[in-house]
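Asker: Here it is, the structure in full.
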Amino acid sequence: MRKISLTALSLGLMLSYQVEAAEIYVRDIEVDGLQRVETETVLSYLNINKNSNVSSDYLNASLKRLFETGLFADVNFDRRGDGLLVIKLVENPIINKRVFDGNDKIDDALLESEVQLKSGSIYNIAKVQEDVQRILEVYKRSGRYATAVEPKIIKRDQNRVDLVYEISEGPEAAISKVNFVGNTHYSDDDLQSEIMSKESRWYRLFSSAENYDPEKTNYDKELLRRFYLKRGYADFRVISAIAELSPDKKSFVVTYVLDEGPRYEVENIVINSAIRDVDTAPLYDEILIEKGDWYNADLTEKSVFAITEELGKKGFAFVDVTPDLRKTANGKLDVVFDIDEGQRVFVDRINITGNTRTEDEVIRREFRIDEGDAFNAAKIRASRRNVENLNYFSKVDIQTEPNPEDDSKADINVNVEEKSTGAFNVGVGYSTVNGALFRAGVVENNFQGKGQKLSADVGISQRTSEYDLSFTEPYFMGRRLSAGVDLFRTEEDYQDEGSYDSESTGGRLRLGWNYTDDLAQYVRYTLKEDKISNVDNTASIYIKEEEGKYSNSSIGQTLVYDKRDSAINPKEGYYLSFGNDVAGLGGDEKYLKFDGKAYKYFTLADYYTFKLFFNGGYITGYNHQDVRLSNRYYLGGSTLRGFEFAGIGARDKFTKDALGGNWMIYSGAEMSFPIGLDEVGVRGRTFVDMGMLGKPDNINKDYVDYSDTPRVAAGFGFQWQSPMGQIDVDLAFPIVKEDYDETEVFRLNFGSRL
């Protein structure tokens, strides 16, 4: 008798057989050991006919096919001398119950969606090992690289087993350090603020930003590319992004190796058209970059979109506008916009998936292309940017799928991954103006999945109390109008400055819109009640005259032109705003108010950032009414360092109470610079402040000290982006002042927001 056997081991297969002849005669086949599997099933995999000769190789191949079904734990072939082939099988058990044990951080539902083996499946050691790897991948995506999974079986009757995956989750692998190599124009802190991956800090207790995620690291490369291309570094590239896991598998060191390349200035802007009848001259008005500007990839892309839109209005629906960057001999760039015929394809459907909470309409309204429109790559790119800027999603993936039945149509498939859009913050701190303070607030930027913003804040300090409730609808009446309502109450202690307390309670309606990406206008209507109370017996007669309650009904607007490179930490660009308010649409107050602001930023080598600023305001009463205390301007403290809050301007000669002014100018220059502590978020600064405050209405110079001459102060200090919030420390020294001004050399602002 000759014997051929196949035995399953943990990860492989052992095949042993002895043959004496090239051909084996099979008279009959007998199958032994079956419990659930039908004999016909076994014979179908063997594919050997009775009363036939088979080769050793063919028998071996049949054996492999039978084992690879996964139905059997062991297979034995016995060949007897009378031509009988006996197949002895040991069936794999059935999984009675499949259990996850030890998974506290990831629920069963997610793990069940990943693994192959279910209750009722046939137990297979190879598939068990595959499922172990799937579980480990799920944990890696959540930042847990030290997770261990051990599969165990518990034998039951009737050849059944319980399969238990024992999971030891381990800690989240946090990012202990983020390194940047090759960045000479921007500091590590500048770049760290741009990417999603953050270094582990105790105050990020409720944030996942510090957990390592390969997908997040890949997206960081794109964020860095956008950051540099927006600032003129057209050759920028990320050479590598390497994450090194610590030996204990608890943390990562992420290193980005960068090649910044030179910074390019735009020398010429050219539009070339390969399409007949296209007049390129008026298209230059659509371009947002100018000769002499630093190259800006973001504005270049927006210019492509604007040119495409303008051509569409002129009847050129299928165009492809491509920017071409050409380096000149003097190290600058010519930006050339090439216009060609585009493929004649229409958008059939826009399919949105992945948004479990956010309504489809919130995403669709950010698209610059609709179903039925001519397909346009520039509009799709602009749509992606708009959806990403909502900041509701951790990933936005847009793919084009051609229609297999009609090559003139294509679908746009949008897949998003939602992230948390709400936040709760608690702050404690101290300042030399308000003393100890506490602040708490909650904000939801995607309220009920409709893209609306709802926020509530409470701030209490030793001298002020603030309560705010705000709601904003970004698409009012289905249009690109942001509309909102605010309710507020403020209580302030002015006993030190003016011997009185002030209260303000009211509400505001807002409406805003953008003319361009940089130019916006906001209008508002405010209704509030102001109250002057607790006036000290020794207070100025001008303050005593205003004790009581006054209603204020006003309408106003602000026009803003913002060309800064960042609204949070600007280093280049400028900001302009002009606003005015009219009070008197009912209520007790009647005044006209005008305010203007101008800021200019520019950065030299080695991160020296200069800021020039100007603030001006003017308010006047009408219908023979004076401007009241609560509506006047005050300078000092954070406005005009070197002087106390309300430290300059008209002041009662006898009580020393500050009376404010009807106009003000506050301007100056500031330079921030590195002091070798960028790694911990500390930068130094030096500044010069100048301020002027005009006199209030109806004062008698015999009782009031007043001068509208400029006050000047200079000083130095530092700003620390600490784990507990921003800390500002300044030492300012008045250079030009009046004898009656209230000065302040040391100023500290300390805040914490968790």
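The values are calculated or read from the model by the stated rules, or taken from the named source; none is laboratory data. Model, not experiment: these values are computed from the prediction. With ideal geometry, Cβ positions are generated from the backbone for all residues, glycine too; neighbour counts draw on all protein chains shown. In case anyone asks, the SASA skips ligands and DNA or RNA and just uses the protein heavy atoms, side chains included. Shrake-Rupley method; radii C 1.70, N 1.55, O 1.52, S 1.80 Å.
Asker: Which residues make up the longest stretch of the chain clear of chymotrypsin sites (Phe, Trp or Tyr not before Pro) that lie in a DSSP loop with no more than 12 other Cβ atoms within 10 Å, not counting the sites? Show your work: numbers first, answer last.
Answerer: Details: sites that count: 206, 515, 622, 654.
In the chain, the maximal stretch lacking such sites is 207-514.
Asker: Once the mean 1/r over all distinct Cα pairs of the range 336-429 is inverted, what Kirkwood radius in angstroms do you read off?
Answerer: Numbers: mean 1/r = 0.0669 Å⁻¹.
For the range 336-429, inverting the mean 1/r across all distinct Cα pairs yields 14.9 Å.
Asker: Please give the helix 56-68 orientation as an angle from the longest Cα principal axis of the chain, in degrees from 0 to 90, rounded to the nearest 10.
Answerer: Helix 56-68 sits roughly 40 degrees off the main axis of the chain.
Asker: Compute the long axis of helix 297-313 from its Cα atoms, compare it with the longest principal axis of the Cα atoms of the chain, and write down the angle in degrees, 0 to 90, nearest 10.
Answerer: Helix 297-313 sits roughly 90 degrees off the main axis of the chain.
Asker: Let me ask another. Can you give the Rg to Rh ratio for the range 666-714, taking only C-alpha atoms and Rh from Kirkwood?
Answerer: Values: Rg = 18.3 Å, Rh = 14.0 Å.
Result: Rg/Rh = 1.31.
Asker: Here's another thing I want to ask about it. Restricting to Cα atoms and excluding each atom paired with itself, what does the Kirkwood estimate give for the range 22-120 in Å? Intermediate values should be presented prior to the final figure.
Answerer: Values: mean 1/r = 0.0627 Å⁻¹.
Final number for the Kirkwood radius of the range 22-120 is 15.9 Å.
Asker: Could you tell me which of 256, 500, 673 has its Cα farthest along the dipole of the chain towards the positive end, charges placed at Cβ (Lys, Arg +1; Asp, Glu -1), taken about the Cα centre?
Answerer: Going by the Cα projections, it comes out as 256.
Asker: A follow-up question, please. Ordering 624, 185 by how much accessible area each has at a 1.4 Å probe, largest first, what is the list? Show your work: numbers first, answer last.
Answerer: Values: 624 195, 185 85 Å².
Descending order: 624, 185.
Asker: When DSSP assigns beta bridges and you keep just the ones with both residues in the chain, what percent turn out antiparallel, to the nearest 5? Intermediate values should be presented prior to the final figure.
Answerer: Working: 229 of 261 bridges.
Taking every DSSP beta bridge with both residues in the chain, the antiparallel ones total about 90 percent.
Asker: Ordering 257, 90 by accessible area with a probe of 1.4 Å, largest first, what comes out?
Answerer: On the way: 257 40, 90 80 Å².
Per-residue accessible area, sorted high to low, gives 90, 257.
Asker: At 37 °C and a viscosity of 0.692 mPa s, what translational diffusion coefficient does Stokes-Einstein give for the range 300-385, taking Rh as the Kirkwood radius over Cα pairs? Give it in µm²/s as a whole number. Walk me through the numbers on the way to the answer.
Answerer: On the way: Rh = 14.7 Å.
D, rounded to a whole number, is 224 µm²/s.
Asker: Taking the Cα centre as origin and putting +1 on Lys and Arg beta-carbons and -1 on Asp and Glu beta-carbons, what dipole magnitude results for the chain, to the nearest 20 debye? Provide the component values of the computation, followed by the final result.
Answerer: Working: 94 positive and 126 negative charges, 207 e Å.
Here the chain has a charge dipole of around 1000 debye.
Asker: Now, a different point. Would you tell me the accessible area of residue 55, worked out with a 1.4 angstrom probe on the heavy atoms of the protein chains, in Å² to the nearest 10?
Answerer: Roll a 1.4 Å probe over it and residue 55 shows about 40 Å².
Asker: In the range 283-346, how does Rg compare with the Kirkwood Rh, expressed as the Rg/Rh ratio over alpha carbon atoms? Mind dumping the intermediate values first?
Answerer: On the way: Rg = 13.0 Å, Rh = 12.7 Å.
Checking Rg against Rh, the ratio lands at 1.02.
Asker: In what order, largest first, do 501, 107 sit by accessible area if the probe radius is 1.4 Å? Let's see the in-between values first.
Answerer: Working: 501 30, 107 95 Å².
The residues order as 107, 501, largest area first.
Asker: Give the accessible area for residue 184 in Å² (nearest 10); use a 1.4 Å probe, count only protein heavy atoms, and leave out ligands, DNA and RNA.
Answerer: Probe radius 1.4 Å; accessible area of residue 184 about 90 Å².
Asker: Can you give the log10 of the normalised intensity I(q)/I(0) at q = 0.17 Å⁻¹, computed with Debye over equal Cα scatterers of the range 91-214?
Answerer: One equal scatterer on each Cα of the range 91-214 leads to -0.86.
Asker: With every protein chain present, what accessible area does residue 532 have (1.4 Å probe, heavy atoms only), rounded to the nearest 10 Å²?
Answerer: 10 Å²
Asker: Answer with one residue from 647, 601, 587: the one whose Cα lies farthest towards the positive end of the charge dipole of the range 577-661, charges on Cβ with Lys, Arg +1 and Asp, Glu -1.
Answerer: 601
Asker: Sticking with this one: Just the number, please: Stokes-Einstein D of the range 611-754 in µm²/s, Kirkwood Rh from C-alpha pairs, 10 °C, 1.306 mPa s.
Answerer: Details: Rh = 16.4 Å.
Approximately 97 µm²/s, per Stokes-Einstein.
Asker: Just round it to a whole percent: the fraction of Cα-Cα distances in the range 436-547 exceeding 17 Å. Provide the component values of the computation, followed by the final result.
Answerer: Numbers: 4115 of 6216 pairs.
For the range 436-547, the share of Cα pairs beyond 17 Å comes to 66 percent.
Asker: In degrees from 0 to 90, rounded to the nearest 10, what is the angle of the helix 377-389 Cα long axis to the longest principal axis of the chain?
Answerer: The answer is roughly 70 degrees.
Asker: Looking at the range 489-540, which GluC sites (Glu not before Pro) are DSSP coil and have at most 11 other C-beta atoms within 10 Å of their C-beta? Write out the running numbers ahead of the final one.
Answerer: Numbers: sites: 491, 492, 497, 503, 529; in loops: none.
Here no loop site has a sparse enough neighbourhood.
Asker: Right, next: Which of 358, 398, 383 sits farthest toward the positive end of the charge dipole of the range 336-421, with +1 on the Cβ of Lys and Arg and -1 on the Cβ of Asp and Glu?
Answerer: 358
Asker: Could you work out the relative contact order of the chain? I mean the mean sequence separation of Cα pairs under 8 Å and 6+ apart, divided by the number of residues, in percent.
Answerer: Details: 1782 pairs, mean separation 42.5, N = 754.
That works out to 6 percent.
Asker: For q values of 0.06, 0.10 Å⁻¹, compute log₁₀ I(q)/I(0) with the Debye formula on a Cα-only model of the chain, without solvent.
Answerer: With one equal scatterer per Cα and no solvent, log10 I(q)/I(0) is -0.58, -1.20.
Asker: Students often forget the sequence filter, so: which lysines lie under 17 Å Cα-Cα from residue 701 once same-chain residues fewer than 8 apart are removed?
Answerer: Output for residue 701: 653, 656.
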